[in-house]
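Q: Structure below; questions to follow.
Just so it is clear, none of the values below were taken in a lab; they were calculated from the coordinates. Because the structure is predicted, anything quoted here is derived from the model rather than measured. Neighbour counts are summed over all protein chains in view; Cβ atoms, including those assigned to glycine, are modelled from backbone coordinates with ideal geometry.
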Amino acid sequence: MAKASGKSFSRRAPDIITEELVAAFGSKNSYEFKPLFDLIFANLRARNAASGGEEMLRLRAYEKLQSLVDRGAVKKTITGVVKRYKGVSAPLLVLNGEMEQLRREWSQRTVGDPVAV
């Protein structure tokens, strides 16, 4: 019998790159990607969460940023060759609430079940 698609991973860990993106866009600033990535990379290094190499992290951060643009949480403005990103407050608040809920559930799961690492 075939396994149902989309249900293979039941334990989804909190996404720290998206958390850092949401935190950066919560400040009402607009960013180009390079300064935004530098800020995120510095924050992840401070949290000791920057693993996998800088280039791979840059790729993942860009992918997460485009996901936020697609969801409407971040607005992308193109002026000539310059792309700037600015957070949209209402969807960011909803996303932030979802991430806090996931973080709470994850921490309860790891505290209550020593095998779930």
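Q: So which aspartates and glutamates can K76 reach, going by Cα to Cα under 20 Å and dropping same-chain residues fewer than 8 places off?
A: Straight-distance partners of K76: E19, E20, E32, D38, E63.
Q: Right, here's the next one. Rounded to whole Hz and in sequence order, give me ³J(HN,Hα) for the stretch 61-78 from the Karplus expression 6.51 cos²θ - 1.76 cosθ + 1.60, θ = phi - 60°, writing x for Gly and Pro.
A: Values per residue, Gly and Pro as x: 5, 5, 5, 5, 4, 5, 5, 5, 5, 5, 7, x, 7, 9, 9, 9, 10, 10 Hz.
Q: With θ set to phi - 60°, apply the Karplus curve 6.51 cos²θ - 1.76 cosθ + 1.60 along the stretch 95-109 and write out the HN-Hα couplings as whole Hz, x wherever there is a Gly or Pro.
A: Running phi through 6.51 cos²θ - 1.76 cosθ + 1.60 with θ = phi - 60° gives 4, 4, x, 4, 5, 5, 4, 5, 5, 5, 4, 5, 5, 5, 5 Hz.
Q: Between V88 and F41, what length comes free when the chain is fully extended (0.36 nm per residue of separation minus the Cα-Cα distance, one decimal in nm)?
A: Numbers: separation 47, 0.36 × 47 = 16.92 nm, distance 2.20 nm.
Here the segment from V88 to F41 would lengthen by 14.7 nm.
Q: Now a separate question. Once the Cα gyration tensor of the stretch 34-117 is diagonalised, what are the square roots of 5 times its eigenvalues, in whole Å and ordered largest first, as equivalent ellipsoid semi-axes?
A: After diagonalising the Cα gyration tensor, the semi-axes are 28, 19, 10 Å.
Q: Can you work out the Karplus-derived ³J(HN,Hα) for every residue in the stretch 83-91? Use 6.51 cos²θ - 1.76 cosθ + 1.60 with θ = phi - 60°, whole Hz, and x for glycine or proline.
A: 10, 10, 10, 9, x, 9, 4, 4, x
Q: Let me ask something else about it. With r defined as the distance between the Cβ atoms of V69 and Q108 and R0 fixed at 30 Å, what FRET efficiency is calculated, to the nearest 0.05? It would help to have the intermediate numbers written out before the result.
A: Working: r = 32 Å, r/R0 = 1.05.
It comes to 0.40.
Q: Right, another one. For V74, what residues show an amide H to amide H distance below 5 Å, using hydrogens built from the backbone and excluding near sequence neighbours?
A: Distant-sequence amide H within range of V74: V69, V88.
Q: Any chance you could run the full-extension gain for K76 through Y62? It's 0.36 nm times the residue separation minus the Cα-Cα distance, nm to one decimal. Display every interim value, and only then the final one.
A: Numbers: separation 14, 0.36 × 14 = 5.04 nm, distance 1.25 nm.
3.8 nm is the gain from fully extending K76 to Y62.
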